[in-house]
Amino acid sequence: MPTYKAPLRDMRFLLNEVFDYPAHYQTLSNGADATPDIVDAILVECAKYCEEVLSPLYQSGDEEGCRLENGEVFTPKGYPEAYAQYMAGGWQGLSHPVEYGGQGLPASMGLFKQEMMGSANWSFSMYPGLSLGAMNTILLHGDDEQKQTYLVPLTEGRWGGTMCLTEPQCGTDLGQVKTRAEPQADGSYRISGTKIFISSGDHDLTENIVHIVLARLPDAPKGTRGISLFIVPKFLPDGQGGIGDRNGVTCGALEKKMGIKASATCVMNFDEAQGFLIGPPNRGLECMFTFMNTARIGTAIQGVGPAELSYQGALAYARDRRSMRALSGKKDPDQIADSIIHHADVRRMLLTQKAIAEGGRAMLYYAAKFADHMVCAHLEGDTKKAERYDDKLGFLTPILKGFLTELGYEATNLGVQVFGGHGYIREHGMEQIVRDTKIATLYEGTTGIQALDLLGRKVLLMTQGKAVRDFTLSMSNFARKHLSDKTLRPFAWELLKLAAQWNVLTVRLALIARKDRDIVSAAANDFLMFSGYVFMAYMWARMAVVAQRGLTNGSGESLEFYRSKLATADFYFERLLPRAQTHAATMLSPSKKLLQLDPQYLAFVD
């Protein structure tokens, strides 16, 4: 079974050396308490909880799964106790306002916590993770009464939350939503319909579950413009912070899934359940994007976390497993064979995992600073500032979600490959990481949907390429500062070329799209992956600069850490970054190459 060890040294490297979070926190209105000592103490305590409580439940939770009995869902053995510890530690309210029972720390602190939890036990982390999205939605769009009623028990962790979008007939195309909301004389609504694939839809970890539900009013316009958003609790609040009568919400079935079996994925039936409108009528999708974007960033962690977990397992195995001799000569002459870590191809797989995990972590921590500014601006009522940072984060979100989950899945497959046949059996737990990670490329919008959002909405439609120009300007300004350093010059020069190429590709696609609308869909996946590889290259270059400085000024064990960073940066630029050029070439292929064959001729059946 994989044993998780929180990568605190790497986290501190990013926080304190690469991105200077101590200085960043001092610029935030809610950052005064996030001193280096406090931040480090929180990281250490969270690591302890994840290593000692959550990690041991990872494999057993998968084997047992959840069960549905008499309409109630029960989580695997040890989960309720682990959640009780989570709640007692105040972890749910780490980054939420003090007035609702939270600790009021910056939003990024929640991301660091979520990364460790998700790496140790992704199935468990989904329960409080979904609640965070519900909390953010109510905080930004709820009225004062709704905030007082729901945010305190949610922040304390006594209540959980969900996001109820998907229905049997529609997933991404939410314009097809059929769930109905009938107005009542008391101002509430009766919600009726069925939602599927609802993570944490029902469970035994909290005393109540607050469902955030998309539904249609009777006079709603057709399509996405006619969707409203509702709060539908499992138990109606009693007005005193507790629960009252059972609402008309039930779990009809548990989905039988490939992975994350300890996470309750439910079919939820709403039978004239009492609901309460949140946000303006017919603008529910806009409000729901608060939840969805929270979930998408959270899902991006599921690319980094499993890559880290799989890498840790594969590295330990590669050190111990002996097979044949290294081609360059015996490395362990006193042993019957050399450790497989001495074989170049095994080293290739391990370095790929390492580059993905550490590069992806840097991408997340880079984006988390924008999230900090955005949340602060919302709390301060500075709409323009909030929109500015929301745009910056909005551009990066589909890249983080789409690119990191695809590479995270690749990294977990490599972990199985390092183990060979032993990786394919359940005993070692490596195949579970693969199964659990695959869903990350699918939910909260498949990779294709993220790609369309990036190229179609964020780049071409909303900003006419400005989002790319702004990001590449930062890349180029950084790169120019390091052209004179012989060690860093290769990284800097490559970044300059990639920045120019990214802008050229964006312009070319925009011009092609004037005559060929299908090019947006045909090129979107390649554009997203190209963007991801370039973004990660930027992060590895920034880490290389700090590592080079550390080698000059450091001592002791830190020197080995910095050498490792530089070597991994070299590996990324030489072995992984060239993949971007394949995507650059294929994204410009005419869409007719994909669409010229009539659908009826795609398959021939005798």
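Summary table
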item: Residue count, segment 17-31 (criterion: touching a residue at least 24 places away in the same chain (Cβ under 8 Å) and in a helix (DSSP H, G or I)); result: 5
item: Candidate set from segment 1-16 (those that are hydrophobic (A, V, I, L, M, F, W, C) and part of a loop (DSSP other than H, G, I, E, B)); member that is modelled with the lowest pLDDT; result: Met1
item: Among the candidates Gly71, Gly78, Gly104, Gly93, residue that is closer than 22 Å to His203 by Cβ, over 21 Å from the mean Cα position of the chain (by Cα) and in contact (Cβ under 8 Å) with a residue 24 or more places away in the chain; result: Gly71
item: Count of residues meeting criterion [among the small types (Gly, Ala, Ser) and part of a loop (DSSP other than H, G, I, E, B)] in segment 135-178; result: 3
item: Candidates Gly201, Gly157, Gly175, Gly226, filtered to the one that is within 27 Å of Leu442 (Cα to Cα) and modelled with pLDDT of 95 or more; result: Gly201
item: Flag if Phe471 is buried (at least 16 other Cβ atoms within 10 Å of the Cβ), touching a residue at least 24 places away in the same chain (Cβ under 8 Å), touching a Phe, Trp or Tyr at 6+ places or on another chain (Cβ under 8 Å) and farther than 24 Å from Ala300 by Cα; result: no
item: Counted residues, segment 236-268 - those being under 21 Å from Met126 (Cα atoms) and in a strand (DSSP E or B); result: 10
item: Unique match (being small (Gly, Ala, Ser), in contact with a Leu (Cβ under 9 Å, 6 or more places away or on another chain) and assigned to a helix (DSSP H, G or I)) among Ala499, Ala585; result: Ala499
item: The lone exception for Thr405 - which of (1) modelled with pLDDT under 95; (2) under 30 Å from Val546 (Cα atoms) it fails; result: (1)
item: Residues of segment 416-448 satisfying the condition of being assigned to a helix (DSSP H, G or I), closer than 21 Å to Asn293 by Cα and hydroxyl-bearing (Ser, Thr, Tyr); result: Thr437, Thr441, Thr447
item: Segment 298-328, subset touching a Lys or Arg at 6+ places or on another chain (Cβ under 7 Å) and of a type in the set (A, V, I, L, M), residue surrounded by the fewest Cβ atoms within 10 Å (Cβ to Cβ); result: Val304
item: Any chance Ser310 is of a type in the set (Ser, Thr, Tyr) and touching a Ser or Thr at 6+ places or on another chain (Cβ under 6 Å); result: yes
item: Contacts under 7 angstrom Cβ, first residue in segment 33-55 being farther than 16 Å from Gly104 by Cα, partner at pLDDT below 95 and not in a helix (DSSP H, G or I), 6 or more apart; result: Ser55/Thr3
item: Boolean, Ala337 is assigned to a helix (DSSP H, G or I) and either closer than 30 Å to Ala34 by Cα or among the aliphatic types (A, V, I, L, M) (or both); result: no
item: Odd one out for Val210, checked against (1) surrounded by fewer than 23 Cβ atoms within 10 Å (Cβ to Cβ); (2) modelled with pLDDT of 95 or more; (3) of a type in the set (Val, Ile, Thr); result: (1)
item: Residue pairs meeting the criteria (Cβ under 7 Å; at least 6 apart or on separate chains; first aromatic (Phe, Trp, Tyr), in segment 410-422; second surrounded by 15 or more Cβ atoms within 10 Å (Cβ to Cβ)); result: Phe419/Ala314; Phe419/Tyr317; Phe419/His428; Phe419/Met430
item: Meets criteria (modelled with pLDDT under 90 and either surrounded by fewer than 13 Cβ atoms within 10 Å (Cβ to Cβ) or of a type outside the set (S, T, N, Q) (or both)) for Asp570; result: no
item: Test for Ala367: is it buried (at least 20 other Cβ atoms within 10 Å of the Cβ) and in a helix (DSSP H, G or I); result: yes
item: Selection within segment 573-606 - under 20 Å from Lys515 (Cβ atoms) and touching a helix residue (DSSP H, G or I) at 6+ places or on another chain (Cβ under 6 Å); result: Thr586, Met587, Ser591, Leu594
item: Extreme residue, surrounded by the most Cβ atoms within 10 Å (Cβ to Cβ), among residues of segment 243-279 that are closer than 30 Å to Leu396 by Cβ and out of contact with any Leu (no Cβ under 9 Å at 6 or more places or on another chain); result: Ser263
item: Residue in segment 57-69 that is more than 30 Å from Asn282 (Cα to Cα), in a loop (DSSP other than H, G, I, E, B), at pLDDT 95 or above and among the aliphatic types (A, V, I, L, M) present; result: no
item: Phe230 more than 19 Å from Phe289 (Cα to Cα) and of a type outside the set (A, V, I, L, M); result: no
item: The one condition in (1) crowded, with 17+ Cβ neighbours inside 10 Å; (2) among the hydroxyl-bearing types (Ser, Thr, Tyr); (3) in a loop (DSSP other than H, G, I, E, B) that Ser555 fails to fulfil; result: (1)
item: Residue check, Ile399 surrounded by 24 or more Cβ atoms within 10 Å (Cβ to Cβ) and touching a residue at least 12 places away in the same chain (Cβ under 8 Å); result: yes
item: Exclusive hit being over 23 Å from Tyr538 (Cβ atoms), assigned to a helix (DSSP H, G or I) and among the acidic types (Asp, Glu), set Glu574, Glu560; result: Glu560
item: Residue count for segment 573-606, restricted to those that are aromatic (Phe, Trp, Tyr) and surrounded by fewer than 10 Cβ atoms within 10 Å (Cβ to Cβ); result: 2
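Yes/no per residue for (1) in contact with an Asp or Glu (Cβ under 9 Å, 6 or more places away or on another chain); (2) at pLDDT below 95; (3) surrounded by 19 or more Cβ atoms within 10 Å (Cβ to Cβ):
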| residue | (1), (2), (3) |
| --- | --- |
| Val375 | no, yes, yes |
| Asp382 | no, yes, no |
| Tyr409 | no, no, yes |
| Val418 | no, no, yes |
| Gln432 | yes, no, yes |
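So that you can scan it fast, the table gives a plain yes or no per residue for (1) more than 26 Å from Met529 (Cβ to Cβ); (2) modelled with pLDDT of 95 or more:
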{"site": "Ile297", "(1), (2)": "no, no"}
{"site": "Gly305", "(1), (2)": "no, yes"}
{"site": "Gly329", "(1), (2)": "yes, no"}
{"site": "Asp332", "(1), (2)": "yes, no"}
{"site": "Asp338", "(1), (2)": "yes, no"}
{"site": "His342", "(1), (2)": "yes, yes"}
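The values are calculated or read from the model by the stated rules, or taken from the named source; none is laboratory data. As the structure is a computational prediction, the values presented were derived from the model and not from experiment. All Cβ positions, even for glycine, are placed from backbone atoms using ideal geometry, and neighbour counts span all protein chains on display.
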